[in-house]
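Throughout, read-outs are computed from the coordinates displayed, never taken from laboratory work. Note that the coordinates shown come from a computational prediction; the quantities given were computed from them, not determined experimentally. Virtual Cβ from ideal backbone geometry, glycine too; neighbours counted across all protein chains shown.
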Amino acid sequence: MPDSSDYKNQEFIEKQKKIYKSSYVTIALVIINAVIFVLGSMFFPFIYTIGVMYTPSVLQDGEYHRLVTAMFLHQDINHLFNNMMILLLVGAIIENYLGHVAYGIMYIAAGIFGNLLSMAYEVRNEVNWVSLGASGAVMGIVGFLVVWLVINRKSLALDKSMLVRLLFLLLFVVEACFFQQGANTIAHLGGFIAGFIFGIINIILFNNRKDMEGIA
């Protein structure tokens, strides 16, 4: 006869399915990133030329669009896969918690702030990097999640299986965003900070203390 833990696990799985089916912004972002990667890699390589983050082009030529377009370009299939996996695993949960509009705004804002912080670092240290990828925006989602986890740490500590899942997820995020060869850790850090601040504003200042379905 199934015990209470079986029912709990089944309920958790059903909640996960519901969350992922309704995460329209996350699904759209994954599709857009995948389509742009295929188009840029196979048919229109100039997309990379005009879209990657390159500080001299932004400051000297006024190509401010690069602050946004760079977060939809990826170096190779592994780069794309890692970012999209984190986006799917974490993004859908945060979208369900925040709502589609607020989630989309946070995602774009985190990506832009990550690129701005990278640009400031480059100017200060007189270096010029060519960078691309959704990692800064994705780290914004992680930053928001961390705020929620810290606030709810006491109740979360009671669920050991959930803590193990979170540990593996965070390890995957850290490895994918900070230890990949050629990773722009400054942009990743900037995205994380933006998401963290967004989390403080939403969860603490606006008192959005509800449960995060898919996590708890």
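Using the Cα centre of the chain as the reference point, and only Cβ charges (+1 on K/R, -1 on D/E), how large is the resulting charge dipole? Debye, rounded to the nearest 20.
Numbers: 13 positive and 14 negative charges, 104 e Å.
Using only the charged Cβ atoms, the result is roughly 500 debye.
Of 105, 116, 201, which is farthest along the charge dipole of the chain in the positive direction, counting Lys and Arg as +1 and Asp and Glu as -1 at C-beta?
201
Taking loop as defined by DSSP and a crowding limit of 13 other beta carbons within 10 Å, which chymotrypsin sites (Phe, Trp or Tyr not before Pro) in the stretch 26-57 fit?
Numbers: sites: 37, 43, 46, 48, 54; in loops: 43.
Here the sparse-neighbourhood loop sites are 43.
What are the ³J(HN,Hα) values, in whole Hz, obtained from phi via the Karplus relation 6.51 cos²θ - 1.76 cosθ + 1.60 with θ = phi - 60°, for each residue of the stretch 75-82 in sequence order, with x given for Gly and Pro?
5, 8, 5, 5, 4, 4, 4, 4
Filter 21/154; 154/210; 15/210 down to the pairs with a C-alpha to C-alpha distance above 21 Å, please. Don't jump to the answer; show the numbers that get you there.
Working: 21/154 30 Å; 154/210 15 Å; 15/210 15 Å.
As for pairs spanning more than 21 Å Cα to Cα, those are 21/154.
Residues with amide H under 5 Å of residue 63's amide H, sequence separation 5 or more or different chain, H placed in the peptide plane at 1.01 Å from N; which?
It is 58, by chain and number.
Provide the net charge surrounding residue 53, with neighbours chosen by a C-beta distance below 15 Å and charges set as Lys +1, Arg +1, Asp -1, Glu -1. Can you show the working numbers first?
Values: positive: 66; negative: 61, 63, 122.
Result for the local shell: -2.
Using each residue's phi in the stretch 50-66, evaluate 6.51 cos²θ - 1.76 cosθ + 1.60 at θ = phi - 60° and report the 3J(HN,Hα) Karplus result to the nearest Hz, with x for Gly and Pro.
8, x, 5, 7, 9, 4, x, 5, 6, 7, 8, 9, x, 8, 5, 4, 4
Please report the Cα spread of the stretch 32-187 along all three principal axes, rounded to whole Å, starting with the longest.
Largest to smallest, the principal-axis extents are 54, 36, 32 Å.
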